[in-house]
Every structure is written in structure tokens, then in C-alpha cells.
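The values are calculated or read from the model by the stated rules, or taken from the named source; none is laboratory data. From a predicted model like this one, the values you see are computed outputs, not experimental measurements. For neighbour counting, all protein chains shown are included, and Cβ atoms are generated from backbone atoms with ideal geometry for every residue, glycine included.
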Amino acid sequence: MAIFHLNYRGCSPATGAGAVRKAAYQSGQALVEDRTGQLCDYARKERVVEEGLSLPGGVPPIGRGELWNGAERAWAEGGGGNELVALRYEFALPIELDAAGRRACVRDFCGMFPAKACDWAIHDDGRGGNPHAHVLVSALDLNAQGFIQRTKGEKGQCWYLCQDAHGQQAPIRATDWKAAKADGWEKIYNFKDGRRLTMKQAKAEGLGTKDRTSKRPVQMHRISGQAARDVGSAELTAVRAAWAEIANRHLAAHAAATGTTAQVIDHRSNKDRGLDEQPTVHEGGTGLIGHADRVKLNKEIRDRNARLQALRAELQQEGAALEQLQREVAELERQRGRIEKAKRGRAQGRHRGALAKRRRVAMATAAAAADVKRRMAMAAADQVDTRAEMIAQLDEQIADLDQEMHHLQRGGTALMMSSNLIKATELAADRRRLADERARLAGEDTSPRKPEPPRPGQNRPRGHKPKH
């Protein structure tokens, strides 16, 4: 699968890494270095799959040897020294792409430097398992007249980050360092513990030169005032990101054309990506010193990373199982909520039904009670009417009896009077009975009364005189 690998190195004759030599190695061509007269011819030419030059617009065709010998002459004319002639980039090519796709990737990479001369070559191990590219990018811009020298202000000037006795820090030009040192300024170095200290401060803490990350002091960029290392790191990060974008674009096009899943590479470090895996080291060629040790180290790193991946896979499976359980628990909670809601709805429905039923029963009971009351009222009214009629009838009967008794009491013969007296007594009894019945119907007191003594002369036969 596609991997990300990109690094770069400076190319300067002052360090023995001339541009002609590097061009001869990566192209597989024998080139003569005009500066020394040496023939540069290297082995392993069989690994060179393809090579070419990418020149700025308007520049006529030029040979590889002429190009880089001219670059070294421009370097010497500009003062030489530590100035770079070129930057040499090396990066892995996607194994998924064919030769045309890899060539297109390399040409797109060279397109990032439109004003520079780019010398590129594609290498492989002969088995198709390690395709990679070498690109030599000129430090100077190139036009039809040749390489363009930079002005003194444009040239890189070395500045050191220094500190005085009072702890004040400031960048000091390398050419002014001797005078600054006489005034008590000291250079600042990067130490392995991540701090920046002067050697005086380091010795006070028991640290020495072996504890520094480099023998070089902290350098500052000539324009921005930033550390040169930080500026170079930022520039390299930008190039790495651009190459990742180029490779991913071609991988996506390849996947679309073949109907496969697109591979993606990431220029960020494992640390920046939040990965625990240890990065491997670049092994280089088999003939290089320390190659076997680097191969062994990479094997150990890959074994550790494989164990980490296995552990991570187990954790992911357990995490997925945990997430599934959490989803199931959440679904059960939702079901329980729905059931409880349904129960509450049914209970509320039953309650409303019971209330409605009780309301209907109450209304029916009230209606029945009202009907009973109405009927009772009607019955009472009928009873009152009947009682009144009966009382009226009794009054008539009593009046008739009174009249008849009055008639009997009017007198007559003695025999008739005796007979009338008996009948009058019977009529009086009937009258009392009727009077009691009337009193009962009228709601009057019907308790037996003490009979009043007869008044003198009451029921006395007419014409009878009391004895003296």
C-alpha cells in the first residue's frame, strides 16, 4: 500500500556534496565535474527507471552536466562558502500507480518550483517493491541567460541567538560575533532536555557539550527573526503537505479508474496524528554502513507496532462491543419509556373511562331520583286531592248525620222519642267515627278525648220536667 516518506538534504560543494555528483548518482549517467575535473560515474545504474529535467519556461534545452556545472560556477561566483547549490528531495512513490502515474506525480512535484531547475529520477529495487524519486532543485532561479545571482541582502546571513549577562536575548550577526563576545554576550544552544541555555548556564547545572542536541548554536532567520531551524522545519512541512496532496490526488484518480478503494497518505508525524506507533528509520542502500543495523531496528519497530496494532484492534473490538451494549441499553430504556408511557396512557384512559362511567351513573341516579321525586310529588298531589275529596265526602256525611240527629231530637211521641234516642245514639257514634276519620285525613290530633258531661237538658225528652 502507499506510504509517506519524504526527506531533503542540502547540496553544497563546501561539504563535499556537489550538485554534479548528486546528479550523476541519481540519473545513472557519467558526468564530469568541471570544478575538480573528476569523472562522476556510479554503480547500480540498473535501479534508475526513468530520469529527466524540468526547466523554467523560456529556458532552452540544456544537458545535465552543463546545467549543474553552471550551478556550481554560479555558487563560486557568489562567494561559495556554506551557500547551497541545490536541495535534494527524496520521496516514496505510490506502489499502486503504474509508470505513467508515477512520472506524473514527479512532474507535479517539480511544478512546485516554477523558477528553479529540477533534475528528477525514478528509482526502484528491480522487483517493483520500492519505487521512489530523487529530485535535485537548484538553489538559484534560472532564466534563459543562466542562474540569477542573489543580492547581498537576499543571501542568507547567519545570525546567532545570544544572551548577555543580564539575561537579555537578541540575534547577533555572525560577522559581529567577536565584538559581541568581548561585550559579554554568549551563544545559546539547544539541549536534549528541551531547554535553551548558554554554556555558562549549562555548566552551572552540571551539563556539558554532550548534553546539547547539536554543536551549532541556535541560529536566527535573517528576515523574520525566527530560529533558522524553525523556519526550515516550516518550509519542509509545507513541501511534505504539498507532496501528500499530489500523491492523494493521483491515487484518487487511479481508484476511480479501476473501481478500487482510494489509498490516502498523511504527511504528519505519528505524534501529530495521535498515534502510538513508533516510526521506522530510513534504511538506505544495502551497501551503506549501518544498513544491517537499521534493517534490524526497523524489524523490531515493526514487530512492536504490530503488537500495538493488535492491542488497538482488541481495544477497538471491546470498544465496539461496549458501544453496542450502550446502544442496546439505550434502546431498552427507550422501550421501557414507551411501555411506561403506554401504561400511563392506558391507566389514564381507564381512569377517564371510570370517571365517565361514574358520571353517567351519577347522572342516571340523579335523573332517577328526580323522576322518583316527581312521581312522589305527583302521588302526594294525588293523595292530597284524594284526601280533600274524602274529607269533603265525610263533611257531607257528618252534615247529613247532624241534620238527621237534629231531626230526631225534635221530639214526638214517647215511643217515637225512645226509638229516635236509640237511633240518635247510633248516629252519634257514626258521626264520631266519621269525625275521627276526617281528623285523621286532615292531619289533626286523633287521640281519644275525655267525653264531656252532658249539658243540662241535653238529650232530655221534649216536655219532660226535672224532678225536684
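Give the number of residues within region 53-78 that are in contact (Cβ under 8 Å) with a residue 12 or more places away in the chain and assigned to a loop (DSSP other than H, G, I, E, B).
The first filter runs over region 53-78 and keeps only residues in contact (Cβ under 8 Å) with a residue 12 or more places away in the chain, leaving 53-60, 64-65, 67-78.
Among the residues that remain, those that are also assigned to a loop (DSSP other than H, G, I, E, B) are: 55-60, 78.
Result for region 53-78: 7.
Whether a residue is free of Cβ contacts under 8 Å to residues at least 40 places away in the same chain, over 21 Å from Gln149 (Cα atoms) and either in a loop (DSSP other than H, G, I, E, B) or outside the structural domain of Arg240 (by TED's automatic domain parsing) (or both) was assessed, and Ala43 passes this test.
Quick grid of which residues meet (1) surrounded by fewer than 14 Cβ atoms within 10 Å (Cβ to Cβ); (2) among the small types (Gly, Ala, Ser):
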{"site": "Leu6", "(1), (2)": "no, no"}
{"site": "Ser12", "(1), (2)": "no, yes"}
{"site": "Lys22", "(1), (2)": "no, no"}
{"site": "Tyr42", "(1), (2)": "no, no"}
{"site": "Glu46", "(1), (2)": "yes, no"}
{"site": "Pro60", "(1), (2)": "yes, no"}
{"site": "Leu67", "(1), (2)": "no, no"}
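Which numbered condition trips up Leu87, out of (1) part of a loop (DSSP other than H, G, I, E, B); (2) aliphatic (A, V, I, L, M); (3) touching a Cys at 6+ places or on another chain (Cβ under 8 Å)? Every listed condition holds for Leu87 apart from (1).
Here Lys116 meets the list (1) over 16 Å from Tyr8 (Cβ atoms); (2) outside any strand (DSSP E or B); (3) in contact (Cβ under 8 Å) with a residue 40 or more places away in the chain almost entirely, failing just condition (1). Take the residues in region 77-110 that are of a type in the set (Gly, Ala, Ser), modelled with pLDDT of 90 or more and within 27 Å of Ser12 (Cβ to Cβ), then tell me which one is surrounded by the most Cβ atoms within 10 Å (Cβ to Cβ). For region 77-110, the residue satisfying everything is Ala86.
The listed residues are Pro114, Pro131, and the only one of them that is in contact with a Leu (Cβ under 7 Å, 6 or more places away or on another chain) and surrounded by fewer than 22 Cβ atoms within 10 Å (Cβ to Cβ) turns out to be Pro131.
Flag set for Gly412, criterion: on the phi > 0 side of the Ramachandran plot, modelled with pLDDT under 70 and surrounded by 13 or more Cβ atoms within 10 Å (Cβ to Cβ). Counting the residues of region 177-194 that are surrounded by 13 or more Cβ atoms within 10 Å (Cβ to Cβ) and of a type outside the set (Gly, Ala, Ser) gives 9.
The one condition from (1) over 30 Å from Ala262 (Cα atoms); (2) modelled with pLDDT under 95 that Leu67 does not meet is (2). Within the set Ala139, Ala202, the sole residue that is crowded, with 16+ Cβ neighbours inside 10 Å, within 30 Å of Ala23 (Cβ to Cβ) and hydrophobic (A, V, I, L, M, F, W, C) turns out to be Ala139. Restricted to region 149-203, the set of strands (runs of 3 or more DSSP E) holding at least 2 residues that are modelled with pLDDT of 85 or more comprises 159-163, 186-190, 196-198.
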